[in-house]
Amino acid sequence: MNIYYPLLLLVLLTPKPGKESFFKSQLRYTRVANAWHKHEKTLTAQLEAKQIPIAEMECLLLGYKEEEQLELYVRKKGTATYSLFKSYPICYASGELGPKRKEGDRQVPEGLYQISSFNPLSNYHLSLQVNYPNASDRKLSDPKNPGGQIFIHGSCVSIGCLAMRDFRIEEIYLMAVHAKSNGQQVIPVYLFPFQMNRENMEEQLANLPETDSRKSFWKQLEPAWKYWQRERKTIPYSIDSKGKYKIGD
């Protein structure tokens, strides 16, 4: 959904030792600088209320397609447990419930991902790229054309991306920039079809034919959702040779 700028990657990579921080390098872009001027006091105060200095903050994103919500969680660097910072309504997401499996299916992915790049020059205000296709997607999706270029971005238009209002993506983008600048190497992005509690699972599975591949896939994701609900920690998982998620250390 975004025009991708290959040369931009040169400035989006983690700065080399002795160079300016990732946060300061992002401030060279007008949209980021304007967003920081607009949101600095509010974000800093909200983190301080949780006793998390912004220079020690790490974050995690969790999205629900059915509920149309993107949740931002934070923790203090060196701690394991996240707490909810804000829940944002998703402005628009194309497709239906179910994972993305090929180029052009208009689906928002479902699964366990992470932020792979930052784009301060996005055609859609600001954007964070999600690392679709991951190892599971590469096994289960169309082998020739699985699709890609999945972003969380502004502008409220989407073909497979999570679109937010511009003022909301500004907050999300800034928090992710700070987390990366603070040394967080992996910023998780967990994308679930819905709140995968027992009632919702029974209702959703009952509406699908037995041959529908979403049944087995959602049963793989359910333990990940349960782990998150119980622990509020980074979900430990692996992906086997068939592309199935295995949850646990």
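What follows is calculated from the coordinates using simple rules that are stated; it is not laboratory data. These numbers come from a predicted model, not from an experiment. Methodologically, a virtual Cβ is constructed for each residue, glycine included, from the backbone with ideal geometry; neighbour enumeration extends over all protein chains shown.
Distance from the alpha carbon centroid of the stretch 153-170 to that of the stretch 51-90 works out to 18 angstrom. Each of Ser122, Ser241, Ser87 was scored by other Cβ atoms within 10 Å of its Cβ. Arranged with the fewest first, they read Ser241, Ser87, Ser122. For Glu110, the residues whose modelled amide H falls within less than 5 Å of its own, excluding neighbours fewer than 5 places apart on the same chain, are Lys100. Among His178, His39, His125, sorting on how many other beta-carbon atoms sit within 10 Å of each Cβ, with the fewest leading, yields His39, His125, His178. Between helix 166-181 and the chain there is an angle of about 80 degrees, using the helix long axis and the longest principal axis of the Cα atoms. Under a 5 Å amide H cut-off, with hydrogens placed 1.01 Å from N, Ser127 pairs with Asn119, Ser122 among residues at least 5 apart or on other chains. Take the Cα of Asp240, step 7 Å toward its Cβ, do the same at Glu103, and the gap between the two points is 3.1 nm. Given a Förster radius of 30 Å and the C-beta distance between Leu84 and Glu202 as r, what FRET efficiency does 1/(1 + (r/R0)^6) yield to the nearest 0.05? With a Förster radius of 30 Å, E is 0.70.
The distance between label points at Leu121 and Gln46 comes to 2.9 nm (points 7 Å beyond Cα on the Cα→Cβ vector).
Here each label is just a point 7 Å from Cα along the line to Cβ, and for Arg165 and Arg230 those points are 3.7 nm apart.
Computed from the C-alpha gyration tensor, the three semi-axes of the ellipsoid equivalent to the stretch 6-194 are 26, 18, 16 Å, from longest to shortest. In the chain, taking the dipole from charged Cβ atoms about the Cα centre, the farthest positive-side position among Gln26, Ser87, Ile115 is held by Gln26.
Scanning residues 5 or more positions from Phe194 or on other chains, those with amide H under 5 Å from its amide H are Lys65, Glu66, with H placed 1.01 Å from N in the peptide plane.
Using the Karplus relation 6.51 cos²θ - 1.76 cosθ + 1.60 with θ = phi - 60°, the per-residue 3J(HN,Hα) values for the stretch 137-144 come to 4, 5, 7, 9, 9, 3, x, 9 Hz, with x marking Gly and Pro.
Karplus-derived 3J(HN,Hα) values for the stretch 215-226, using 6.51 cos²θ - 1.76 cosθ + 1.60 with θ = phi - 60°, are 4, 5, 5, 5, 5, 5, 6, 3, x, 5, 4, 5 Hz; glycine and proline are entered as x. Per-residue ellipticity at 222 nm computed for the chain from its helices equals -9500 deg cm²/dmol, with DSSP H segments shorter than 4 residues left out and the rest contributing -39,500 (n - 2.57). With a threshold of 30 Å on the Cα-Cα distance, the over-threshold entries among Lys180/Lys226; Lys144/Lys233; Lys76/Lys219 are Lys144/Lys233; Lys76/Lys219. Applying the Karplus relation 6.51 cos²θ - 1.76 cosθ + 1.60 with θ = phi - 60° to the stretch 100-110 yields 3J(HN,Hα) values of 7, 10, 6, 4, x, 7, 6, 7, 7, x, 10 Hz, where x marks Gly and Pro. For Lys50, the aspartates and glutamates whose Cα comes closer than 14 Å to its Cα, not counting residues fewer than 8 places off in the same chain, are Glu58.
Of the trypsin sites (Lys or Arg not before Pro) in the stretch 127-163, the ones in a loop by DSSP (not H, G, I, E or B) with at most 14 other beta carbons within 10 Å are Lys144. Given their separation in residues at 0.36 nm each and the Cα-Cα distance between them, Thr30 and Val186 gain 53.6 nm when the chain is fully extended.
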